[in-house]
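Contents: one structure, followed by commentary.
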Amino acid sequence: MKNVIVTGASRGIGRGISLDLAKKGCRIAAVGVRPESDVSEYLSELKALSPDSFYISADISDEDARERIAEEAFGKMGTVDVLVNNAGIAPKVREDILVMKRESMDRLLDTNLKGTFFLTQKVANKMIEKQCGEAIVFITSMSAYVSSPSRGEYCVSKAGLSMAAALYADRLAEYGINVYEIRPGIIETDMTAVVKDKYIEKINNGLLPIKRMGRPEDIAAAVSALVFGALPYSTGEVINVDGGFHIRSL
């Protein structure tokens with residue numbers, strides 16, 4: 001049984017990842033910002049697949065919460081094999097970068113970039129101390145390299161997270177902890193629901209080689225491969241799960 005921390009676990013891509021890993025025999029420390037009483041349906045589904053899995057209500061942008069995540073996960077599971085950094089937020093309002101407010105930039109960087117970076121630091125140090133870590137997976141986005149001027153703070157946060165993945169891959173290799181970055185493309189979740197029709201129209205007009213929106217289970221399949229050691233001689237690898245969006249063609 002592998003012990004796995006999944007952040008942003010109760011909805012969207014994180015839900016798909018955590019339930020897929022639970023189905024495959026992993027014990028999950030499922031981290032989410034909502035209180036446990038608000039995720040009872042998800043938690044019932046998770047525990048039906050993996051009875052020893054549990055939920056940690058915590059906001060990764062908060063220092064004390066990050067400490068609590070690490071302490072509770074290692075305290076209950078003893079060791080942690082894999083950390084899946086999936087938690088992330090979108091801007092409350094899409095605004096052009098010429099008028100975007102600093103508060104929005106701070107909010108996204110505090111969660112998407114700094115929260116993830118420093119949670120990884122805490123978990124990695126405990127993995128090193130206990131000699132137990134196998135892999136850390138960063139879920140970033142095609143927005144790490146695709147310009148969207150109406151949500152620049154999101155793009156900046158994901159571009160920074162991409163570099164964080166590379167930095168941790170470089171630093172943790174000596175401890176046998178492989179680090180990977182998965183870049184989702186256009187994935188059908190509550191985060192993309194408001195622009196779903198726009199994306200479907202673009203896909204129908206040839207935006208993607210694989211002509212559909214992605215689904216959380218598409219990301220989960222990639223994460224599962226990494227959790228179970230499919231790429232043992234790779235670290236710092238960027239894996240696009242985007243329907244082929246990244247391909248340049250003439």
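The values are calculated or read from the model by the stated rules, or taken from the named source; none is laboratory data. In this text the structure is predicted, and so the values were computed from the model without any measurement. Because the Cβ atoms are built from the backbone with ideal geometry, glycine has one as well, and the counts that use them run over all protein chains shown.
Here are the numbers:
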quantity	calculated
Residue under evaluation residue 66, criteria (1) buried (at least 19 other Cβ atoms within 10 Å of the Cβ); (2) within 26 Å of residue 187 (Cα to Cα), criterion not met	(2)
The lone exception for residue 214 - which of (1) surrounded by fewer than 20 Cβ atoms within 10 Å (Cβ to Cβ); (2) over 26 Å from residue 128 (Cβ atoms); (3) out of contact with any helix residue (DSSP H, G or I) (no Cβ under 7 Å at 6 or more places or on another chain) it fails	(1)
Close pairs (6 angstrom Cβ cut-off, 6 or more residues apart or separate chains): closer than 10 Å to residue 90 by Cα in segment 151-168, charged (D, E, K, R) anywhere	151/94
Long-range neighbours under 8 Å by Cβ, at least six apart or interchain, first residue closer than 17 Å to residue 76 by Cα within segment 26-46, second loosely packed, with under 14 Cβ neighbours inside 10 Å and at pLDDT below 95	26/1; 27/1
Test set (1) without any contact (Cβ under 8 Å) to a residue 24 or more places away in the chain; (2) in contact with a helix residue (DSSP H, G or I) (Cβ under 6 Å, 6 or more places away or on another chain); (3) not polar (S, T, N, Q) - residue 175 fails condition number	(1)
Odd one out for residue 176, checked against (1) touching a Cys at 6+ places or on another chain (Cβ under 6 Å); (2) under 23 Å from residue 80 (Cβ atoms)	(1)
All positions within segment 158-197 that are among the basic types (Lys, Arg), over 18 Å from residue 127 (Cα atoms) and surrounded by fewer than 17 Cβ atoms within 10 Å (Cβ to Cβ)	196
Residue tally, condition in contact (Cβ under 8 Å) with a residue 24 or more places away in the chain and not in a loop (DSSP other than H, G, I, E, B), over segment 52-92	18
Identity of the residue in segment 11-23, closer than 15 Å to residue 88 by Cα and basic (Lys, Arg), that ends up surrounded by the fewest Cβ atoms within 10 Å (Cβ to Cβ)	11
Any pair with Cβ under 7 angstrom, 6 or more apart, that starts in segment 185-201 at a residue that is under 19 Å from residue 14 (Cα atoms) and touching a residue at least 12 places away in the same chain (Cβ under 8 Å) and ends at one that is crowded, with 16+ Cβ neighbours inside 10 Å and among the aromatic types (Phe, Trp, Tyr)	185/245; 186/199; 192/199
Residue list for segment 201-211, restricted to those being over 19 Å from residue 140 (Cβ atoms) and crowded, with 16+ Cβ neighbours inside 10 Å	203, 207
Residue among 109, 98, 119 that is out of contact with any Cys (no Cβ under 8 Å at 6 or more places or on another chain) and crowded, with 21+ Cβ neighbours inside 10 Å	119
Filter result (of a type in the set (S, T, N, Q) and touching a residue at least 60 places away in the same chain (Cβ under 8 Å)) within segment 1-17	3, 7
Residues that are charged (D, E, K, R) and within 16 Å of residue 139 (Cβ to Cβ), drawn from segment 225-250	237, 242
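To keep it simple, each residue is scored yes or no on (1) crowded, with 23+ Cβ neighbours inside 10 Å; (2) more than 22 Å from residue 68 (Cβ to Cβ); (3) β-branched (Val, Ile, Thr).
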residue	(1), (2), (3)
9	yes, no, no
25	no, yes, no
30	yes, no, no
36	no, no, no
39	no, no, yes
43	no, no, no
47	no, no, no
